[in-house]
Amino acid sequence: MTDPAAAAWHRLAETSVLLDGFHALKHALRFGAEVPLAVTTDREAALTLAAELAPDVRDTLDALLTEVPENTYRSFVPRPHPTAVAALAVRPAREANLQKLGHTPRTAPVIVLDNPRNLGNAGAVIRLAAGFGATGVVTTGTLDPWHPTVVRAGAGLHYATAVERLTIDELPSGPVFALDPEGDDIRSLKLPDDAVLAFGSERSGLSAELRARTDHLVALPMRPQVSSYNLATSVAMTLYHWSTSTAAPL
């Protein structure tokens, strides 16, 4: 006999977002994700974890979680998560995200990752953007910002900010501040709330197309002979600098 949870999972999986682990599911629920199916190998353990770490979503999880055998759970995910929890969520409508990204006046910047290469880095940036209350994260190039590895690295916080892949021509309006070693020291600048903060590829830096769209080149302070910062570190430093000079609430 076919397991009903397995049948439902396979029916929904191709068109849904994989929430891999308790923390991704917790964050997605907190920020309004529609979750038609969530599974675990141990309901009691998952609900105990919720009571300890996320009591605000404990009752929702109690109604949502289905216990499945470990082999069934392992067939759903690329690699098992230590919390043995997985869920499928509805991806936010592209039109709604584009409306959020394009709405003016903005009270927080948009982050642009120009042709990023590393899925984990992209997820870490989305997590940062959510924490700082950024308007959204845009990627250019071939990387899918909703790839399961990105969502896992972002701990489900795609639902707390607008995440989309766009071309350079489709970027939201606003002054573009692009990070580049030859730019002006960021400490001498105030980043406006409607800024578009652009970060180049981990390997090749800013593309010619984005550089042509840039209004200001900005450099992070760095000790001589240190070649670069990690992408997520650069975004964190830049968002922190913006946050110290804005009165906008998170």
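Note on the stretch 141-194: Cα-Cα pairs beyond 18 Å make up 55% of the total pair count.
Plainly put, the stretch 135-250 has a radius of gyration that is 0.94 times its Kirkwood radius, both from alpha-carbon atoms, as the Rg/Rh ratio.
Can you pull the percent of the chain's accessible area that's carbon plus sulfur, 1.4 Å probe, other chains left in place? Carbon and sulfur together cover 51 percent of it.
Comparing the stretch 1-52 with the 2.2 N^0.38 Å rule of thumb, its C-alpha radius of gyration ratio is 1.23 (two decimals). Secondary-structure-derived ellipticity at 222 nm for the chain, considering helices only, amounts to -10500 deg cm²/dmol, per-run term -39500 (n - 2.57) for DSSP H runs with n ≥ 4.
Among DSSP bridges having both ends in the chain, what percentage is antiparallel? Round to the nearest 5. Taking every DSSP beta bridge with both residues in the chain, the antiparallel ones total about 30 percent. Per residue, the convex hull spanned by the alpha carbons of the stretch 8-121 comes to 144 Å³. In the context of the full set of protein chains, the chain has a per residue accessible area of 49 Å² (1.4 Å probe). Modelled this way, with points 7 Å down the Cα-to-C-beta line, the labels at THR246 and ARG187 are 2.2 nm from one another. A 1.4 Å probe over all protein chains sorts GLU14, GLU44, GLU170 by accessible area into GLU14, GLU44, GLU170, starting with the largest. GNM on the chain, alpha-carbon springs under 10 angstrom: the most fluctuating residue among ASP42, ASP169, ASP20 is ASP169.
Mean projected area of the convex hull spanned by the Cα atoms of the chain, taken over all viewing directions: 14.6 nm². Full extension of the chain between ASP42 and ARG74 yields a length gain of 10.2 nm, computed as 0.36 nm times the residue separation minus the alpha carbon distance. Peptides 219-232, 147-160 ranked from most to least packed, by the mean per-residue count of other Cβ atoms within 10 Å: 147-160, 219-232. Ranking of LYS26, LYS190, LYS100 by solvent-accessible surface, largest first: LYS190, LYS100, LYS26 (1.4 Å probe, protein heavy atoms only, all chains present). Taking a point 7 Å from the Cα of ASP3 along the Cα-to-Cβ direction, the residues of the stretch 73-92 with backbone N closer than 17 Å to it are 73-88.
The values are calculated or read from the model by the stated rules, or taken from the named source; none is laboratory data. If you're wondering where the values come from, they're calculated on a predicted model, not measured in any experiment. Every residue, glycine among them, receives a Cβ derived from its backbone with ideal geometry; neighbour counts consider all protein chains shown. Note: accessible area is taken over every heavy atom of the protein model, side chains too, but ligands, DNA and RNA are not part of it. Shrake-Rupley method; radii C 1.70, N 1.55, O 1.52, S 1.80 Å.
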